[in-house]
Amino acid sequence: MCIIKNHEKEKLKEYVYEMQKKYESFSDSTNKEANEVFRELVRQLILVATVFLSISIFAFNFKELNNIFNITNKYLLKSSWICLGISIIFGIIQFIIDYIFFAKWSKISANIVNKLSTEEFEDEYNCYEEIKKELKSNATKSSTTFVFLQISFLSIGMILLIIFMIRALLSL
């Protein structure tokens, strides 16, 4: 039978606690980085959709060109504009979802700090369990549904715009 002395138990407990803090810190930093990359992706997608929408509206909205295009080309062009516009709207919705998500986590953080500074806990374990319960009750990442919708509509809009340009060049 292996007998562990008290000072060895304390060293082991300190080591486990240090490792837990390191992994929690690592997890926080990777989550923060992933969220930042995700927000930047949404920004770039909005920019791309806005550029293509703006350029195509100015380039293909002349009356001289309008008379040359048949009904199918006009339908393709307007459909691409609608898809690009919807893509921009979904990007803005994703920004709102992310804002709500981060505001919620900011409030949770403030609540935890407030509990730690004002409440008396019976012991360290009880404090840890309270905090763990509060953290588990909330999602660790925001919804990505609207980003996928944004990407889908941007892709469809760009494909329709490319098809329109090819058809327009072939009809000239």
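What follows draws every value from the coordinates through simple rules; no lab data is involved. Note that the coordinates shown come from a computational prediction; the quantities given were computed from them, not determined experimentally. Because the Cβ atoms are built from the backbone with ideal geometry, glycine has one as well, and the counts that use them run over all protein chains shown.
Some values worked out for this structure:
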read-out: Of LYS11/LYS132; LYS11/LYS133; LYS11/LYS32; LYS104/LYS136, pairs whose Cα-Cα distance is over 21 Å; value: LYS11/LYS132; LYS11/LYS133; LYS11/LYS32
read-out: SER155-LEU135 pseudo-label distance in nm [points 7 Å out on the Cα-to-Cβ vector]; value: 3.6 nm
read-out: Contour excess over end-to-end distance, with Cα ends at LEU41 and ILE96 and 0.36 nm allotted per residue; value: 18.3 nm
read-out: Per-residue ³J(HN,Hα) for segment 69-80, Karplus 6.51 cos²θ - 1.76 cosθ + 1.60, θ = phi - 60°, Hz, x for Gly and Pro; value: 6, 7, 5, 5, 5, 5, 5, 4, 5, 5, 5, 5
